[in-house]
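So the structure is just underneath, and the comments pick up after that.
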Amino acid sequence: MARVSQQKKSEKLRLFSERFKSALGKWNFQDNEIAEKVGVEPSAISNWRQGRNMAKGKNLRRLAEVLDCRPGWLLGEEDHEYGVVLGKPRTPHGKDTWHQRALAAEKKLADLRSGLRYLLETSGDLPHHQEKLAASSLAVSDAAAALKKALELENVRTRE
């Protein structure tokens with residue numbers, strides 16, 4: 001009987017690990033980034049990825065929210081592909097929650113930083129250290145201003 005129980009636990013861990021990696025593949029997070037967003041140590045992310053253990057309770061809910069999927073899908077309780085709602089709003093009438101918008105804005109900002117870094121590296125016009133700091137601060141403030149404007153426009157659209 002204990003052997004059957006151990007097999008079921010092993011299968012649940014394997015399924016959680018596969019689904020976690022699948023959902024994680026849709027995003028471009030490093031282990032330390034997702035750990036910070038979920039509120040766990042990076043070693044927990046590594047253990048989840050390798051199938052050593054799985055997220056439970058509050059950590060499972062936070063993980064599902066960050067990865068934009070359902071906790072039941074991660075646990076293998078939902079078998080259907082549509083259990084993952086990546087990129088689709090989960091609120092009535094297609095309105096995103098403030099938290100979903102904040103996560104999307106954070107990802108866009110990270111993409112902007114990455115693109116800016118790539119452009120600077122490939123152009124060969126890497127500024128000196130002090131200029132680089134000033135340029136990155138300027139780029140971040142420009143990106144923040146653009147983000148603020150986009151959120152203001154979004155707020156206007158949701159009021160209409």
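What follows is calculated from the coordinates using simple rules that are stated; it is not laboratory data. These numbers come from a predicted model, not from an experiment. Reconstructed Cβ throughout: ideal geometry from the backbone, glycine too, with neighbour counts over all protein chains shown.
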Low-density loop cleavage sites - trypsin sites (Lys or Arg not before Pro) in the range 38-67, where at most 14 other Cβ are within 10 Å (DSSP): Arg52, Lys56
Efficiency by 1/(1 + (r/R0)^6): what FRET value for Arg14 and Ala102, r their Cβ-Cβ distance, R0 = 35 Å, to the nearest 0.05? 0.60
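Quick check: residue separation of Glu78 and Lys56 times 0.36 nm, minus the Cα distance between them. What number comes out in nm? If you can, show how the numbers build up before the last one.
Values: separation 22, 0.36 × 22 = 7.92 nm, distance 1.59 nm.
Net length gain for the segment: 6.3 nm.
How about the range 1-36: which trypsin sites (Lys or Arg not before Pro) there lie in a loop by DSSP and see at most 15 other Cβ atoms within 10 Å? Could you put the intermediate results ahead of the total?
Working: sites: Arg3, Lys8, Lys9, Lys12, Arg14, Arg19, Lys21, Lys26; in loops: Lys26.
Within the range 1-36, the qualifying trypsin sites (Lys or Arg not before Pro) (loop, at most 15 other Cβ atoms within 10 Å) are Lys26.
Hey, with R₀ at 30 Å, roughly what FRET efficiency would Arg117 and Asp31 work out to, going by the Cβ-Cβ distance, to 0.05? Working shown, then result.
Working: r = 20 Å, r/R0 = 0.67.
It comes out at approximately 0.90.
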Let a ≥ b ≥ c be the square roots of the eigenvalues of the Cα gyration tensor of the range 1-52; is it rounded (a/c under 1.5), or, if not, prolate (a/b larger than b/c) or oblate? prolate
